[in-house]
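Before any comments, here is the structure.
The values are calculated or read from the model by the stated rules, or taken from the named source; none is laboratory data. Everything numeric in this text was worked out from a predicted model, so none of it was measured. A quick note on method: Cβ atoms are made from the backbone with ideal geometry, for glycine too, and the neighbour counts reach across all protein chains shown. Just the protein is used for accessible areas: all its heavy atoms, side chains included, with ligands, DNA and RNA removed. Shrake-Rupley method; radii C 1.70, N 1.55, O 1.52, S 1.80 Å.
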Amino acid sequence: MAKKPNTEERTSVPIVSSSHLVSPRSAEMSEFEFGLIVAGNAFNRWIIHCMSATGLKDLTPLDVLVLHHVSHRARDKRLSDICFIMNIEDTHLINYSLKKLQGMGVVASRKSGKEVTYSLTELGNDYVQRYREIRESCLINALKADEGLNRDIGELARLLRVLSGVYDQAARSAASL
């Protein structure tokens, strides 16, 4: 007896960036990685252009993310806190961004005992607020999200957090080889 076709089975070729890495056990992971590459590059381009539209130019994607994290919850941040939250091991990368942002007058540092903390300046806060306005106008309005799409985005965010843990564990395993 012939097997009935499963409508859930793949009928298309996976869209991947590295066909030599496609596993027969999970072609979907290669598709995910390609999507992550494309989405990551689009996101980086977006945050640079959005920040540039505020008038704050010549920032890297990491600079923009560090600026937003320093702004997060209007609390002073330590270098180690920023690295931890952003999941970046190389403190020099974050330190370089902080120094650059300080030189632009948007971040200030304060020494408290042996620790240095960072916070937004009034100028930095103005840029962050302008970024929020531009984000709302250009991104959020274009998204036209409804309740269902927002639910899907929330689920995607949860899945990305889960997969980041899987990638972190895999990185630790690869480092021990």
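If you check S112 against the conditions, is it more than 25 Å from G40 (Cα to Cα), small (G, A, S) and at pLDDT 95 or above? No: the conditions fail for S112.
The listed residues are L160, L62, and the only one of them that is surrounded by fewer than 17 Cβ atoms within 10 Å (Cβ to Cβ), closer than 19 Å to A42 by Cα and under 20 Å from the mean Cα position of the chain (by Cα) turns out to be L160. Beta carbons closer than 9 Å, at least 6 apart along the sequence or on distinct chains, pair a first residue in region 127-148 that is in contact (Cβ under 8 Å) with a residue 24 or more places away in the chain with a second that is loosely packed, with under 12 Cβ neighbours inside 10 Å and not in a helix (DSSP H, G or I) for Y127/G55; R130/G55. The set of residues in region 25-47 being in a helix (DSSP H, G or I), more than 30 Å from K57 (Cα to Cα) and not acidic (D, E) consists of A27, M29, S30, F32. On inspection, E133 passes the criterion of being surrounded by 10 or more Cβ atoms within 10 Å (Cβ to Cβ), more than 18 Å from the chain's Cα centre (by Cα) and either modelled with pLDDT of 95 or more or more than 18 Å from F43 (Cβ to Cβ) (or both). Taking the criterion of being on the phi > 0 side of the Ramachandran plot, in a loop (DSSP other than H, G, I, E, B) and touching a Leu at 6+ places or on another chain (Cβ under 9 Å), the only residue of region 56-108 that qualifies is G105. From the list N150, N125, the one residue that fits, being open to solvent by less than 70 Å² (accessible area, probe 1.4 Å), in a helix (DSSP H, G or I) and either closer than 30 Å to S26 by Cβ or not aromatic (F, W, Y) (or both), is N125.
Considering region 163-177, and only residues there that are of a type in the set (S, T, Y) and free of Cβ contacts under 8 Å to residues at least 24 places away in the same chain, the residue that is surrounded by the fewest Cβ atoms within 10 Å (Cβ to Cβ) turns out to be S176.
For region 107-120, filtered to residues that are within 21 Å of the chain's Cα centre (by Cα) and not polar (S, T, N, Q), the residue that is most open to solvent (accessible area, probe 1.4 Å) is L120.
Restricting R73, R78 to residues that are among the basic types (K, R) and without any contact (Cβ under 8 Å) to a residue 40 or more places away in the chain narrows the list to R73.
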